[in-house]
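The structure appears right after this line, and notes come after that.
The values are calculated or read from the model by the stated rules, or taken from the named source; none is laboratory data. Quick caveat: nothing in here was measured; it's all calculated off a predicted structure. All Cβ positions, glycine included, derive from the backbone under ideal geometry; neighbour counts span all protein chains shown. Accessible surface areas use protein heavy atoms only, side chains included; no ligands, DNA or RNA. Shrake-Rupley method; radii C 1.70, N 1.55, O 1.52, S 1.80 Å.
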Protein chains: 2
Amino acid sequence: MKLNTKSRYAVMALADMSKFPINNPVSLRDISLRQSISLLYLEQIFIKLKKNDIVKSVRGTNGGYVLKRDPKNIKLSEIFQALDQKVKTVGCKKDSKKGCNGKSAKCITHELWDELEIYINNFFENKKLSDLSLTKGDI
Amino acid sequence: MKLNTKSRYAVMALADMSKFPINNPVSLRDISLRQSISLLYLEQIFIKLKKNDIVKSVRGTNGGYVLKRDPKNIKLSEIFQALDQKVKTVGCKKDSKKGCNGKSAKCITHELWDELEIYINNFFENKKLSDLSLTKGDI
DNA sequence: GAATACTTGACTATTTTAGTCGGGTATATA
DNA sequence: TATATACCCGACTAAAATAGTCAAGTATTC
Ligand code: FES
Ligand code: FES
């Protein structure tokens, strides 16, 4: 079970932004330098964050991105969703009646994995961006 | 975040076994048929389970594998460990002082991911094989 | 009009996953 | 003791996912 870099960087970048006065555009270039994340990669990530109403963009000189909401109201689960990062522990399609083995019933472990999936999603659901942006002084 | 098939199948196979009288060897062929898992793949999986003292093998005709311990004493975390399935949410090496970006300090999100890693590992640590083998009547 | 910074789709190398294959060895039972 | 059953184990491979890069823009401010 691994977390991909896209989600990790997304949270890192947003945490970085949330350290600055809101409504003050933060450029990807700056985030890239501070957090050592490839600028090109960040661009890809922010397109998705924008589409999902987590940030908004300000174009032109001194532009950048701005958090669209208070960090207190941004759940990690939303960030993950924005990046199509899903927690998938079951081997089957959830809403299908078929099991992971192609049989007509769910397998003997299905319930367990489902429980795990809910368990993990709970973590993301209950964590807000603000929960981590304030923990440390350094950027 | 996805769970790989090896771990999923391992748990499935062990759950299958635990439905039968202990000390009664269960052949991989039977498990393969019942659970629709490739026999060749199962072999690969069971070599590892054996090396990690979760099952023992009985060779020859009517042989198979036997659980080495009571399902009550087999934690999911052990099964995962046996298959080198690690939960990895941080981007850095845990015991290194360096961060995921190659810098000398841990990044701003490190603590969060570490917390998640512990959270998930907890799940596996607290689940026993017996917790799922008895839930359903069917195999 | 020059510089800054966002926008977007396509492309690619690398790694991981999910298996398969081949050629063994050990044991029970007929 | 022959044969079938079933474990043993390293090497191999196709396919998918990941982690980016690249090229060619557009919008805005100074
Ligand atoms: S995981 Fe859903 S049926 Fe096996
Ligand atoms: S995840 Fe450990 S330093 Fe970034």
Condition (residue is touching a helix residue (DSSP H, G or I) at 6+ places or on another chain (Cβ under 8 Å), within 14 Å of DNA strand C (Cβ to nearest atom), under 24 Å from A:Lys106 (Cα atoms) and open to solvent by less than 20 Å² (accessible area, probe 1.4 Å)) applied to region B:111-131: is it met by at least one residue? no
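What about A:Lys88, is it at pLDDT below 95, farther than 24 Å from A:Leu28 by Cα and either within 11 Å of ligand 1 (Cβ to nearest atom) or more than 9 Å from every other protein chain (Cβ to nearest Cβ) (or both)? Before you say what the answer is, go through the steps one by one.
Numbers: at pLDDT below 95: no; farther than 24 Å from A:Leu28 by Cα: yes; either within 11 Å of ligand 1 (Cβ to nearest atom) or more than 9 Å from every other protein chain (Cβ to nearest Cβ) (or both): yes.
Spelling it out, it is not the case that A:Lys88 is at pLDDT below 95, farther than 24 Å from A:Leu28 by Cα and either within 11 Å of ligand 1 (Cβ to nearest atom) or more than 9 Å from every other protein chain (Cβ to nearest Cβ) (or both).
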Which one is modelled with the lowest pLDDT, of the residues in region B:7-38 that are within 15 Å of DNA strand C (Cβ to nearest atom), open to solvent by 60 Å² or more (accessible area, probe 1.4 Å) and in contact with a strand residue (DSSP E or B) (Cβ under 8 Å, 6 or more places away or on another chain)? B:Asn23
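Being under 20 Å from B:Leu129 (Cβ atoms) and more than 16 Å from DNA strand C (Cβ to nearest atom) is the filter here; which residues of region B:75-110 pass it? Let's see the steps before the verdict.
Going residue by residue through region B:75-110, those that are under 20 Å from B:Leu129 (Cβ atoms) are B:75-87.
Across region B:75-110, the qualifying residues are B:Lys75, B:Leu76, B:Ser77, B:Glu78.
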Go through region B:44-71 and report how many residues are under 27 Å from A:Lys103 (Cα atoms) and loosely packed, with under 15 Cβ neighbours inside 10 Å. 2
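Take B:Leu83 and tell me if it is within 13 Å of chain A (Cβ to nearest Cβ), over 18 Å from B:Ile22 (Cα atoms), within 16 Å of ligand 1 (Cβ to nearest atom) and not β-branched (Val, Ile, Thr). Give the derivation first.
Values: within 13 Å of chain A (Cβ to nearest Cβ): yes; over 18 Å from B:Ile22 (Cα atoms): yes; within 16 Å of ligand 1 (Cβ to nearest atom): no; not β-branched (Val, Ile, Thr): yes.
Spelling it out, it is not the case that B:Leu83 is within 13 Å of chain A (Cβ to nearest Cβ), over 18 Å from B:Ile22 (Cα atoms), within 16 Å of ligand 1 (Cβ to nearest atom) and not β-branched (Val, Ile, Thr).
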Looking at (1) away from chain B (no Cβ under 11 Å); (2) more than 26 Å from B:Gln85 (Cα to Cα), can you tell me which one A:Lys6 breaks? (2)
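Among the residues that make up region B:42-54, is at least one of them basic (Lys, Arg), more than 15 Å from DNA strand D (Cβ to nearest atom) and either within 27 Å of A:Cys92 (Cα to Cα) or over 16 Å from the mean Cα position of the chain (by Cα) (or both)? First the steps, then the outcome.
We begin by selecting, within region B:42-54, every residue basic (Lys, Arg); these are B:48, B:50-51.
Filter again for more than 15 Å from DNA strand D (Cβ to nearest atom), leaving none.
There is no residue in region B:42-54 that is basic (Lys, Arg), more than 15 Å from DNA strand D (Cβ to nearest atom) and either within 27 Å of A:Cys92 (Cα to Cα) or over 16 Å from the mean Cα position of the chain (by Cα) (or both).
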Cβ-Cβ below 8 Å, separation at least six or inter-chain, first residue in region A:1-16 and part of a strand (DSSP E or B), second open to solvent by 20 Å² or more (accessible area, probe 1.4 Å) and more than 8 Å from DNA strand D (Cβ to nearest atom): which pairs? A:Lys2/B:Lys88
Looking at region A:76-111, which of its residues are under 30 Å from A:Ala13 (Cβ atoms) and outside any loop (DSSP other than H, G, I, E, B)? A:Leu76, A:Ser77, A:Glu78, A:Ile79, A:Phe80, A:Gln81, A:Ala82, A:Lys88
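Is it fair to say A:Tyr41 is open to solvent by 30 Å² or more (accessible area, probe 1.4 Å), under 30 Å from B:Phe124 (Cα atoms), aromatic (Phe, Trp, Tyr) and out of contact with any strand residue (DSSP E or B) (no Cβ under 6 Å at 6 or more places or on another chain)? Let's see the steps before the verdict.
On the way: open to solvent by 30 Å² or more (accessible area, probe 1.4 Å): yes; under 30 Å from B:Phe124 (Cα atoms): no; aromatic (Phe, Trp, Tyr): yes; out of contact with any strand residue (DSSP E or B) (no Cβ under 6 Å at 6 or more places or on another chain): yes.
Answer is no for this residue.
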Across region A:9-18, the tally of residues that are within 9 Å of another protein chain (Cβ to nearest Cβ) and either within 24 Å of B:Lys2 (Cα to Cα) or charged (D, E, K, R) (or both) stands at 4
Which one of these does B:Thr61 not meet: (1) within 16 Å of DNA strand C (Cβ to nearest atom); (2) within 14 Å of another protein chain (Cβ to nearest Cβ); (3) part of a loop (DSSP other than H, G, I, E, B)? (2)
